[in-house]
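*Asks:* Starting off with a structure, shown below.
Nothing in this text is a laboratory measurement; each read-out follows from the coordinates by a stated rule. Treat the numbers as computed from the prediction; the structure is a model and nothing was measured. We place every Cβ from the backbone using ideal geometry, glycine too, and count neighbours over all the protein chains shown.
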Number of protein chains: 2
Amino acid sequence: MRNLKVNGERLWASLMELARIGATAKGGVCRLAASDEDRAARDLFVRWCREAGLQVTVDAVGNIFARREGKNRDLPPVMAGSHLDSQPTGGKFDGAYGVMAALEVVRSLNDHGYESEAPIEIVAWTNEEGSRFSPAMMGSGVFTGVFDLAWVKERPDNLTGARLGAELKRIGYAGTAPSAGRKVAAYFEAHIEQGPILEEAGVPIGAVSGAKGQRWYEVTVTGEEAHAGPTPMGKRKDALVGAARMIERVNRIGHAHAPDASATVGFVQVSPNSRNTIPGRVFFAVDFRHPEDPVLSAMDRELKAECEEAAAESGGLAVEVKEFWYFPPTPFDPRLVGSVRRATEALGYPYRDIVSGAGHDAVYMAKAAPTAMIFVPCKDGISHNEREDAKPVDLAAGCAVLLEAVLDAAEAEKPSGQSGG
Amino acid sequence: MRNLKVNGERLWASLMELARIGATAKGGVCRLAASDEDRAARDLFVRWCREAGLQVTVDAVGNIFARREGKNRDLPPVMAGSHLDSQPTGGKFDGAYGVMAALEVVRSLNDHGYESEAPIEIVAWTNEEGSRFSPAMMGSGVFTGVFDLAWVKERPDNLTGARLGAELKRIGYAGTAPSAGRKVAAYFEAHIEQGPILEEAGVPIGAVSGAKGQRWYEVTVTGEEAHAGPTPMGKRKDALVGAARMIERVNRIGHAHAPDASATVGFVQVSPNSRNTIPGRVFFAVDFRHPEDPVLSAMDRELKAECEEAAAESGGLAVEVKEFWYFPPTPFDPRLVGSVRRATEALGYPYRDIVSGAGHDAVYMAKAAPTAMIFVPCKDGISHNEREDAKPVDLAAGCAVLLEAVLDAAEAEKPSGQSGG
């Protein structure tokens with residue numbers, strides 16, 4: 001223990017000031033990637049970083065890096081951060097907490113005049129949410145080589161078609177810092193859990209051992225459009241009845257692999273979607289998650305079999321099940337996860353190990369650098385919702401753990417010649 | 001038998017010429033009520049009526065009446081018609097056939113110089129489809145006193161909010177002829193069946209004995225929006241899983257009352273409809289139809305019980321089932337239905353009795369005048385679809401039956417003093 005206290009009140013005040021940007025009437029925020037609100041949030045963050053004496057750079061995909069030099073400038077930095085963009089009806093903490101917690105770590109180091117061995121960088125990744133520009137986690141994806149920079153810059157806004165690259169330029173965040181290939185000593189991301197486990201367990205800290213794997217599908221059910229009145233029940237090819245049976249079965253697959261599995265249909269499009277027309281076509285998306293790849297594969301097989309069966313039982317519908325995203329389970333770095341556990345114990349907080357069900361920038365960063373996450377509880381497990389809420393005391397606890405874990409990593413980066421003895 | 005042949009080729013040619021207005025790439029038509037396309041169709045119809053020597057009037061809700069005088073001008077007219085508007089991706093025959101068949105009846109009478117006792121009027125009702133302006137069957141609804149004229153004129157376009165009254169004025173079809181209270185001796189409507197029964201039975205004519213009753217509902221299922229990844233299956237209040245179970249049960253209710261019942265969910269709205277968010281709210285519409293009121297009432301009770309049960313079984317969701325339209329079963333006039341049967345037999349066509357599953361202007365007209373309908377087969381029973389199709393020979397047969405039935409009614413209208421031996 002270094003006896004370097006973080007300032008929980010300052011952290012909370014910064015979160016609340018940031019939440020005014022894009023604030024919604026129901027207490028949430030709408031701060032879509034590369035929007036005017038995103039620009040305002042970035043400007044505020046950059047101002048705070050400069051006030052903290054940090055050197056700010058922006059890369060070509062708009063990721064912001066704010067660097068606090070270490071004793072040894074040649075060491076790769078320890079990074080901590082998250083994202084400033086939000087869902088259209090998002091909350092005050094998803095993403096924002098990880099960036100503000102990292103800022104509070106640096107401010108605390110400044111308060112105490114503490115000089116770390118390796119440099120420390122705060123990062124705010126571009127477009128984690130993927131709401132306005134798909135796919136999600138673009139900034140960290142480019143940084144880690146998952147996505148091609150040129151391709152990402154051409155992604156269109158899902159309403160107006162404006163390109164991400166042009167929008168970044170418009171808001172003044174198309175920078176020149178190198179986007180990929182930089183060596184990072186360690187990456188930490190503090191985040192609200194976005195689920196109910198920590199709150200129910202009554203612990204303020206989750207040591208995140210990794211992220212669930214994900215398989216995403218697009219399912220298209222095709223029947224025959226017909227007039228709802230004169231078409232006898234026995235003659236129908238009602239794509240919606242078939243889809244309803246499939247949605248029920250997706251849910252059953254999730255329950256069959258509980259407690260670690262999740263299985264969700266969140267998006268449905270019915271055609272022609274007219275009250276008195278039998279639907280001829282239904283499109284829906286399936287989201288499967290599990291920490292173990294063999295279970296995900298079993299769920300995959302079950303989905304395909306159940307959809308075929310439901311289609312056959314529903315008047316001979318056609319069904320196409322297309323996997324369009326696969327994301328293997330990602331274990332985080334055991335050394336860093338261990339360091340999060342040790343810091344939590346040393347600070348006297350109860351904690352539990354947890355697996356992240358959501359995608360985070362940390363999942364891409366785990367491809368390029370030792371990575372770990374710190375979760376704190378959110379109220380009722382609710383996130384991606386204007387009601388998203390978290391307690392100041394938990395947020396401060398997570399920040400204190402982050403500070404210790406960041407410094408452990410920054411001190412561990414002494415060149416081997418200097419270490420030991 | 002009067003030996004007054006209709007001209008099936010002229011009827012077909014008029015249908016095809018009309019179908020060019022609002023023609024879609026897939027062979028259907030898009031001719032929304034009071035649109036520019038509706039205006040063009042009305043203009044063409046009015047021109048043809050004037051060329052046939054008819055006197056054209058338009059009432060305040062845009063219904064067009066084209067009158068062929070009878071020997072006795074004081075007798076109430078026999079009316080035949082339907083509508084010229086279509087669904088957004090509708091077919092060439094729904095509505096258009098009833099108007100063009102009535103026009104062909106009048107043209108045939110002209111060919112033969114036949115003078116009917118009572119006047120004959122062709123009618124084209126405004127906004128039968130209800131796609132652009134809700135509710136459906138507005139023109140016949142105002143004519144028969146179901147809807148208030150002032151209220152109907154204020155109905156907004158479902159996209160732009162433009163009012164029907166203003167749109168009728170814009171296209172030049174806000175007229176001054178009296179809208180309601182006119183005495184009508186008989187009303188006939190020829191229409192494609194919009195179902196598969198006649199085609200499968202291999203008969204060209206359906207003598208429509210009445211229309212099914214309808215009960216329409218709006219169901220709102222409320223659960224809790226949450227992130228699809230981190231929320232355990234056992235903790236979810238997934239409104240879509242509940243709605244899927246309800247949709248399956250609506251279908252089961254329909255099958256339980258087959259063959260005469262129909263039960264359809266055609267419209268579904270999922271909130272927030274995001275791939276990785278558990279739906280917090282689902283809104284869907286239920287359409288129940290049956291020729292007998294007690295069965296409809298049983299279906300109503302079953303719907304409410306099944307929705308409650310499905311909500312309870314799906315993690316304790318809330319469900320609201322709101323009936324928003326009720327339309328009792330409508331028997332058509334036995335004398336006129338008998339006259340359709342007799343005409344069909346006399347012409348040598350096979351036929352069967354049939355109950356209309358769809359709403360038609362005839363259903364409102366049945367409130368105000370003796371009414372009957374004549375159905376002809378449509379290909380594969382498909383309607384409200386750009387693939388909607390019908391055979392020229394069947395359309396001509398229906399028109400021939402219409403002519404006989406119209407003349408029977410027009411001759412029956414001799415004042416009682418003149419009738420009899």
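*Asks:* Going through segment A:50-136, which GluC sites (Glu not before Pro) have at most 14 other Cβ atoms within 10 Å and a DSSP loop state?
*Replies:* Working: sites: A:Glu51, A:Glu69, A:Glu104, A:Glu115, A:Glu117, A:Glu121, A:Glu128, A:Glu129; in loops: A:Glu69, A:Glu115, A:Glu117, A:Glu128, A:Glu129.
In loop regions of segment A:50-136 (DSSP not H, G, I, E or B), the sparsely surrounded GluC sites (Glu not before Pro) are A:Glu115.
*Asks:* On to the next question. Strictly over 29 Å apart at the Cα level, which of A:Lys92/A:Lys183; B:Lys169/B:Lys322; B:Lys5/B:Lys92; A:Lys212/B:Lys237; B:Lys183/B:Lys212 would you flag in this model? If you can, show how the numbers build up before the last one.
*Replies:* Details: A:Lys92/A:Lys183 31 Å; B:Lys169/B:Lys322 35 Å; B:Lys5/B:Lys92 24 Å; A:Lys212/B:Lys237 21 Å; B:Lys183/B:Lys212 25 Å.
As for pairs spanning more than 29 Å Cα to Cα, those are A:Lys92/A:Lys183; B:Lys169/B:Lys322.
*Asks:* Closest to the A-onto-B rotation axis, which residue of chain A has its Cβ, and how many Å off the axis is it?
*Replies:* A:Ala244, 2
*Asks:* Nearest 500 deg cm²/dmol is fine: what mean residue ellipticity at 222 nm does chain B get from its DSSP H runs of n ≥ 4 alone, each adding -39,500 (n - 2.57), divided by its residue count? It would help to have the intermediate numbers written out before the result.
*Replies:* On the way: 12 runs with 146 residues, N = 421.
Value at 222 nm, helices only, nearest 500: -11000 deg cm²/dmol.
*Asks:* To continue, here is another question. When a/c is below 1.5 the answer is rounded, else prolate if a/b is larger than b/c, else oblate, so apply that to segment B:1-68 with a ≥ b ≥ c taken from the square roots of the Cα gyration tensor eigenvalues.
*Replies:* Cα axes put segment B:1-68 in the oblate bin.
*Asks:* Another one. Stick to the Cα atoms of chain A, pair each with every other, and give me the Kirkwood hydrodynamic radius in Å at one decimal. Mind dumping the intermediate values first?
*Replies:* Values: mean 1/r = 0.0441 Å⁻¹.
It works out to 22.7 Å.
*Asks:* Can you give me the angle between helix B:334-347 and the longest principal axis of chain B, using Cα atoms only, in degrees from 0 to 90, rounded to the nearest 10?
*Replies:* 70
*Asks:* Counting pairs of Cα atoms in segment B:301-390, how many percent are more than 18 Å apart?
*Replies:* Values: 2610 of 4005 pairs.
Percent of Cα pairs beyond 18 Å in segment B:301-390: 65.
*Asks:* Could you give me the ³J(HN,Hα) list for segment A:60-75, computed from phi with Karplus coefficients 6.51, -1.76, 1.60 and θ = phi - 60°, whole Hz, x at Gly and Pro?
*Replies:* With the stated coefficients, segment A:60-75 comes to 5, 9, x, 5, 9, 10, 10, 9, 10, 4, x, 4, 10, 5, 8, 6 Hz.
*Asks:* What do you get for the angle between helix B:96-111 and the principal long axis of chain B? Use alpha-carbon atoms, 0 to 90 degrees, nearest ten.
*Replies:* Between helix and principal axis, roughly 0 degrees.
*Asks:* Fewest Cβ neighbours within 10 Å first, please rank A:Leu44, B:Leu407 accordingly. Kindly include the intermediate steps, with their values, before the conclusion.
*Replies:* Details: A:Leu44 16, B:Leu407 22.
Lowest to highest Cβ neighbour count: A:Leu44, B:Leu407.
*Asks:* What does the charge add up to near B:Gln55, with Lys and Arg as +1, Asp and Glu as -1, over the other residues with Cβ less than 13 Å from its Cβ? Mind showing how you got there, number by number?
*Replies:* Working: positive: B:Arg50, B:Arg67, B:Arg68, B:Arg73; negative: B:Glu51, B:Glu69, B:Glu121.
After counting each charged neighbour, the total is +1.
*Asks:* GNM on chain B, C-alpha springs below 10 Å: top fluctuator among B:Ala372, B:Ala228, B:Ala318?
*Replies:* B:Ala228
*Asks:* In terms of modelled amide H atoms, which long-range or inter-chain residues lie less than 5 Å from the amide H of B:Ala60?
*Replies:* Long-range HN contacts for B:Ala60: B:Gly175, B:Ala177, B:Ser179.
*Asks:* At B:Glu345, label 7 Å along Cα→Cβ: distances to the other copies, nm, ascending?
*Replies:* With the label placed 7 Å along Cα→Cβ, B:Glu345 yields 9.7 nm.
*Asks:* Then there's this: Per the Cauchy relation, a quarter of the hull surface: what is the mean projected area of the convex hull of the alpha carbons in segment A:13-162, in nm²?
*Replies:* Numbers: hull surface 35.7 nm².
The number I arrive at for segment A:13-162 is 8.9 nm².
*Asks:* In nm, one decimal, shortest first: how far is the label point of A:Pro392 (7 Å from Cα along Cα to beta carbon) from the matching points in the other copies?
*Replies:* 8.4
*Asks:* Further, regarding this structure: Looking at chain A as a GNM with Cα springs under 10 Å, which of A:His290, A:His227, A:His257 has the largest mean-square fluctuation?
*Replies:* A:His227
*Asks:* Mind listing the long-range amide H neighbours of B:Gly213? Cut-off is under 5 Å, sequence gap 5 or more, other chains count too, H placed in the peptide plane at 1.01 Å from N.
*Replies:* Close amide H contacts, sequence-distant or interchain: B:His290, B:Glu292, B:Thr330.
*Asks:* Among rounded, prolate and oblate, which fits the protein assembly as shown when a ≥ b ≥ c are the square roots of the eigenvalues of its C-alpha gyration tensor, a/c under 1.5 means rounded, and a/b larger than b/c means prolate? Before the final figure, lay out each step's value.
*Replies:* Numbers: a/c = 3.33, a/b = 2.66, b/c = 1.25.
Since a/c reaches 1.5 and a/b is larger than b/c, the shape of the protein assembly as shown is classed as prolate.
*Asks:* Restricted to Cα positions, what overall size does segment B:213-327 have along the principal axes? Three whole-Å values, descending.
*Replies:* So the extents along the principal axes, rounded to whole Å, are 49, 21, 20.
*Asks:* How far, in nm to one decimal, is A:Pro294 from itself in the other copies if the label point is set 7 angstrom along Cα toward Cβ? Shortest first, please.
*Replies:* Copy-to-copy label distances at A:Pro294, shortest first: 6.1 nm.
*Asks:* Another question, if that's okay. For chain A, set up a GNM with springs between Cα atoms under 10 Å and report which of A:Ser339, A:Ser262, A:Ser314 has the largest fluctuation.
*Replies:* Looking only at A:Ser339, A:Ser262, A:Ser314, the largest GNM fluctuation is found for A:Ser314.
*Asks:* So, one more: Using the alpha-carbon atoms, what tilt in degrees (0 to 90, nearest 10) does helix A:392-412 show relative to the longest principal axis of chain A?
*Replies:* 60
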